[in-house]
Structure formats: structure tokens, C-alpha cells
1. Which percent of the Cα-Cα distances in segment 44-163 go past 19 Å?
2. In square angstrom, what is the accessible area per residue of segment 14-133 with a 1.4 angstrom probe?
3. Are there any trypsin sites (Lys or Arg not before Pro) in segment 102-146 that are in a DSSP loop and have at most 16 other Cβ atoms within 10 Å? List them by number.
4. Which semi-axes, in whole Å and largest first, does the equivalent ellipsoid of segment 78-143 have when worked out from the alpha carbon gyration tensor as the square roots of 5 times its eigenvalues?
5. Explain nothing, just the number: relative contact order of the chain, from Cα pairs under 8 Å at least 6 residues apart, as a whole percent.
6. Ignoring ligands and nucleic acids, what accessible area does Leu111 show with a 1.4 Å probe (Å², nearest 10)?
7. Where in segment 44-81 are there trypsin sites (Lys or Arg not before Pro) that are in a DSSP coil and have at most 15 other Cβ atoms within 10 angstrom of their Cβ?
8. Using a 1.4 angstrom probe on the protein heavy atoms only, could you order Thr141, Thr44 from most to least accessible area?
Amino acid sequence: MNELQDFLDEELKNPMEKFFVFIAKNALQYNPPLTFFNNIRTQTLGKSEVFDIKNAMTPVVDLVRVYALQNRIFKLNTGERLKALQEKGVFSETQFHELMQSYYYLMSLRLKNQASQVIHEKIKPNNYIELKNLTRIEQVTLKEIFKTIENFQAGIKMRFTNNLLG
């Protein structure tokens, strides 16, 4: 692993604008599941209305990875990357807390859902959360998190793609 980190560290010292445009584009690939009217976008799976919590988390993981690579931070964990970026001044204290709380809230919902699937439903765990199983407070919290993610995605689009992606 040290060899890979050393290689990346050396390579990232060179101008790599196109590389960052491509990884930023990747970070913009998944949109938070919000409708135009700020409802949680669902899909029908069997007889249930669900959303994919892993896809909802992906933009946070990806945008933190972009900033970490740009700043030559090679932590493997999203939370550790976030902390290192905040310490380096890339994210303000507020931005750090918004992203950290968003990421770990989504992760806790994902794990709670999967534990319930294994323990109570006796099914193989997946990343689909039924909207009807969430409290109103959880749904409102998710909507706020998804808005926060959209704001960070707008920032990464401006910062790295220079509006090249339209």
C-alpha cells in the first residue's frame, strides 16, 4: 500500500486538470434522490416504494475522494478523509460537520435497515429502504441531507469542471 501511496503522491504533484475533471464528473454521476418538489424519489420494488441508500451515500464518498486526491490525502476511510480535509482548511468547520453528520446518518440508516432485514425479515441484506418504514423526522432529515449533498455537488461542479459538464 505504501508503494501505491508514494506513486500517487508523486503523480499528483504534476498538473492533472483533466484527471480531476473526470473524477469530479464521476462524483456528479449520482444525484440525491429528491424530486422537483423535494420529496424523496422512490422506485417500486415488489409492492414497496423504496430508495437505494447506498446510491444516496455515493455522492458524499465521491466528492470527499476528489478533494482528498487533490490535496494528496490518502486515508482510506471517508470519515478520516473528511477530518484530514477539515484540518487542512479545505472544508470549513460547518462544511465538515454537515458532511460528517450527513455521511454517518446515512450510514446508520443503512446499517439499521440491513440489521432489520437479517434479524427480523430473515432476508439477505440489501440497500433498499422502504419509505413507509421511516418516521417523519427521518424523512425530513433525509431531505435536508439530500439538499446538503446537492449544494456540495454544485460546489464541486464549479470548482473542478469549470462548467464543462453543462
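1. 52
2. 59
3. Qualifying residues, ordered by number: Lys122.
4. 30, 15, 6
5. Relative contact order, the chain: 31 percent.
6. Spelled out: Leu111, probe radius 1.4 Å, area about 100 Å².
7. Listed in order of number, the matching sites are Lys47, Arg72, Lys75.
8. Per-residue accessible area, sorted high to low, gives Thr44, Thr141.
The values are calculated or read from the model by the stated rules, or taken from the named source; none is laboratory data. Bear in mind the structure is a predicted one, so any value in this text is a computation, not a measurement. Backbone-built Cβ (ideal geometry, glycine too); neighbour counts: all protein chains shown. These area figures cover heavy atoms from the full protein model, side chains too; ligands, DNA and RNA do not enter into them. Shrake-Rupley method; radii C 1.70, N 1.55, O 1.52, S 1.80 Å.
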